[in-house]
Structure formats: structure tokens, C-alpha cells
Amino acid sequence: MAKPNPTDRKYTKEHEWALDQGSGVVVMGITDHAQELLTDIVYVELPKVGKKVKQMETVAVVESVKSVSDVYSPVSARSSKSTAGSRMSLS
Amino acid sequence: MNINPEDFFFSGDGHEKTPLFERHQKLKATMIEFGGWCMPVQYTAVIEEHRATRSAAGIFDICHMGEIEVRGTGARDLLQSVMSRNLDGQEIGQMRLSVMPNVRGGIIDDLTVYKLGEEHYMVVTNAVTKDGDWEWIRKAQKEKGFRGVTSGTSATPRARSICRGRSHKSSFRRLHREILPPLKFYHFMSTEVLGIPSIVSRSGYTGEDGFEIYADSRRIGEIFDALLSAGTPTGLKPVGLGARDTLRIESGMMLYGHEMDETVTPYEVVYGWLVDLTKEFTGCEALRKQKEEGVKKKLIGFEMMDRGIARHGYKVFGNGREIGRVTSGTFAPTLSKAVGFAFVDRTHDSPGAEIGIEIRGQQAKARVVPLTVL
């Protein structure tokens, strides 16, 4: 089974996480568990820098071979940087 | 994220289970509903299973598909009257792909006809269309007065397990040499596999060489186990519906319910070669007329030039005008690009034509590619 989720961050019920970096910067992502469920992630659509989202609005889209999943923003925020993390299996 | 737990933890309650159901559970497959059946969508991951099938071999559960046996005096004439394909010249031990059209020429099903003996056939159908197919054949039998013919779905339900892979790869070649009989493509034989009476045909739906095995549902599991353990050391993997879909789309093969239904004729997809207008069959008048007048819409293959996957139902545009809809689309692991099928107006059906596909409100560029056929 999946490793336990790190305890340094907060989670949504929908498999997103938010990590407070201080001074108003929050890093967000999706859990390992969600990535395992999707297994075959082929595209990630990330928000443009400067995009504003409200809490639980769609901020990104993850496409696996068999499904399209919206990623909800765990906080209301403005995007300052977005990268597909190294854990993503972009094949 | 909108991950639907139903997609991943489907219990299968209330759905039909194939004779291999317990084995899928033991292999920790993710199960989904497909055509009323509880089927494995993946065992490990779609791309991994896809690549195993292309580079070594894959074993698939296709017990959900239907078989209809038609036998007795007039069996051949009855099938000739409902099938678009001419069955003349078909030898015992040969199978033929065919379309069964309705009176408007629309496809009731695409199926394979196995000639088991003189006036004795097995018709292999898609899972969802099986009951309708049988009713259609029985209706034709009554109306056309074929009294000598009996038709039925097999009394002892025959289960099928299938093994597919590249014939030049060692895993597949070894299984072929040690377990499966020598056969030419689209031929079959009644034989024994591991001492179990079976029909084995050389056919498939992945773009690779393959065998389909029909045996008693109480014993098909033994064959599945033997093929799995014999092939695993050289790379064979059990493969679910997920990779079955990416394999068939990547190889340009159509799926009933996506590229075809009763409103689609063989000429609108790539099944014109399955129609013989020199014989009489249900739907032949409508098809003759369409052949003369030409089709208005046409199935195309496409590959994405921009990022994104075009999926079933997405809108297709040409010169800023909506010209059709996507029928199937996926990420093709071997090609490493997103591909699919769509129905479009005849104005944009030539290979090389540029089209736009609306993905989440934005048009992404795609290119029409030739459809490769069997």
C-alpha cells in the first residue's frame, strides 16, 4: 500500500495537499495515493503564472490514459510558479 | 481531484462474472463494468500492459463476448441472408469477419463467422450486442422459413481466453510451439489444449499476432493458468480492457459502440470491403444506394499536434466550422502521441488535412492520418 502522507502539510478530501512556506507562499500538489490510482499520467495542464483561483476551484488538469481529472486548489491563491514535479510519470 | 472511487473499487455486484473472475481478483486487477460484465481494466498499469503485449505477449479475458451457434440444413443460406460478407468459398476451419446490417444498412454488429462444418457455424459477437444479434438471426430464420436450422447461444457457455503477442518474440513463440497448435491467420481448429477440448483460432484485436481459445467455462481457468505461468518468465503479462483499448486504437481497429452503431453503415467506416453487393442480404438495397450516392460522413484517424488527449464526444472543427465528433481517443504508448478516431464531413477526410479538436473549451490542432486496416 501507499506510504503514509507526510504530516507537514494539509490535505483536502480530494487528494490535494497544501504546504505553507511562510510569507504568504503555499506549495500545492496531489498525493502519491492519487497518482497511484491514476497510474498512467500522460499530461498535466498547469495554471499560467498569475492565474487567480478560489478555494476548491479547478486549478490544474491531470490526464491519465483512461481519464481526465480536475485538480482543486486547496486554498484561494494566485499562481506564482508551476512545474510538473519529478514524481510525475510523464511517459 | 475528481477521482471517482467507483472507477477504482468496483465490487462487481449485480454484474455478470466471467469464469476467470477469481483469478483477476487474485492478480489484484482493478475491475470495472463493461457491457454488463465485471471485467479487469488493468492489473498493474495500462502503459506497462500495452508495452508487454507489443514487446513480448499479453493474455486477455474475453469471456464476455458472445457466441451464437447456427446449424442444420439452410444454416449457410440463413447467414448469407443476414451478413454483408459473402460466405461463399469459406472453407471449414476458416473464419471471416463480417457486418450484420439492419434494413437501412446500419451496423447491428461486427462479428466473426467460424465455419465449423457444412451447415454448421459459430458466430462470435460483441458483448453488448449478443442478445440483439441472436434475436435478429431468429427473426430472419422465421421470416425466411429456414425450418431446418437451429440457432442458440451455446448450452455449455464456452469461455475464451486469449493470448496475443509478437510472433517473433520468444515468449509468444514458445507458447505457440509448446501449447498452441500451428494455424494460419484467420483459421481455427477444434483441438485439445493441455488435454482440454478447445477451439483455437489465430486472430486478435491488438495489431499483433494472436490466438483465441474457446473451452468449457469450467476448465478455461486451467488454460489461463498454464499460459500465464509458461509465458511470465519471458515477459507475458495479463492485460486488462484499458490496454486492450490503447492497443486497438493505436492499430486503427474500431470498437462497436464507439466507431459503429445502428446509425453507421460499413461504407462510413472502413468496412466497405466486408460488403458484397452482388448477393442479396438484409440492408443490401440501402447499401447499394449509398454506394452510388456516396457517404456524407466518414470515419478518420487523427493524431494530435498540440498537447492533450481528444476523447469520445469531443467536437471536431475544420476551417472554423464544426464538422464532427471524436469517437475514441487515447494516448498511444508505442507511438508516444495522442491519437484517435472521429466522424467528420467529407470536406476534411483526406490524410494530412488539419483539423481542430475542442479540448476543455480550447481548440487543439490535429492531423488526419490514414486508417490502417486488417
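The values are calculated or read from the model by the stated rules, or taken from the named source; none is laboratory data. All figures in this text were calculated on a predicted structure; none of them were measured in a lab. Note that we place each Cβ from the backbone using ideal geometry, even for glycine, and neighbour counts take in every protein chain shown.
Write out, first by first residue and then by second, each pair whose Cβ atoms fall under 8 Å of each other, whose residues are 6+ apart or on separate chains, and whose first residue, in segment B:313-327, is without any contact (Cβ under 8 Å) to a residue 24 or more places away in the chain while the second is hydrophobic (A, V, I, L, M, F, W, C) and not in a loop (DSSP other than H, G, I, E, B).
Qualifying pairs under 8 Å: B:313/B:326; B:322/B:316; B:325/B:316; B:325/B:342; B:325/B:343.
Tell me which of these residue B:292 doesn't satisfy, since it passes every other one: (1) within 25 Å of the chain's Cα centre (by Cα); (2) within 30 Å of residue B:78 (Cβ to Cβ).
(1)
Evaluate the following for residue A:32: is it closer than 22 Å to residue B:45 by Cα, away from every other protein chain (no Cβ under 11 Å) and within 12 Å of the chain's Cα centre (by Cα)?
yes
Condition test on residue B:137, is it modelled with pLDDT of 90 or more, farther than 17 Å from residue B:62 by Cβ, in contact with a Pro (Cβ under 7 Å, 6 or more places away or on another chain) and of a type outside the set (Ser, Thr, Tyr)?
no
Please determine, by comparing only the residues of segment B:298-345 that are away from chain A (no Cβ under 12 Å) and among the acidic types (Asp, Glu), which one is farthest from residue B:371 (Cα to Cα).
Among them, the one singled out is B:322.
Mind listing just one residue for me: the one in segment A:55-82 that is touching a Lys or Arg at 6+ places or on another chain (Cβ under 6 Å) and polar (S, T, N, Q) and, of those, farthest from residue B:246 (Cα to Cα)?
A:76
Can you pull out every residue in segment B:337-359 that is surrounded by fewer than 16 Cβ atoms within 10 Å (Cβ to Cβ) and modelled with pLDDT under 90?
Once the filter is applied, which keeps residues that are surrounded by fewer than 16 Cβ atoms within 10 Å (Cβ to Cβ) and modelled with pLDDT under 90, segment B:337-359 yields only B:347.
Among all residue pairs at least 6 apart or on different chains, which show Cβ distances below 7 Å where the first residue, located in segment A:44-64, is within 14 Å of another protein chain (Cβ to nearest Cβ) and the second is aromatic (Phe, Trp, Tyr)?
Close Cβ pairs (under 7 Å, with a partner that is aromatic (Phe, Trp, Tyr)) amount to A:56/A:72; A:57/A:72; A:58/A:72; A:59/A:72; A:63/A:43.
Hey, among the residues in segment A:65-77 that are hydroxyl-bearing (Ser, Thr, Tyr) and more than 9 Å from every other protein chain (Cβ to nearest Cβ), which one's farthest from residue A:9 (Cα to Cα)?
A:76
Of the conditions (1) of a type outside the set (S, T, N, Q); (2) in a loop (DSSP other than H, G, I, E, B); (3) in contact with a strand residue (DSSP E or B) (Cβ under 8 Å, 6 or more places away or on another chain); (4) more than 14 Å from chain B (Cβ to nearest Cβ), residue A:26 satisfies every one except a single condition; which number is it?
(2)
So, in segment B:91-146, exactly how many residues are of a type outside the set (A, V, I, L, M), farther than 21 Å from residue B:260 by Cβ and not in a strand (DSSP E or B)?
So the answer is 11.
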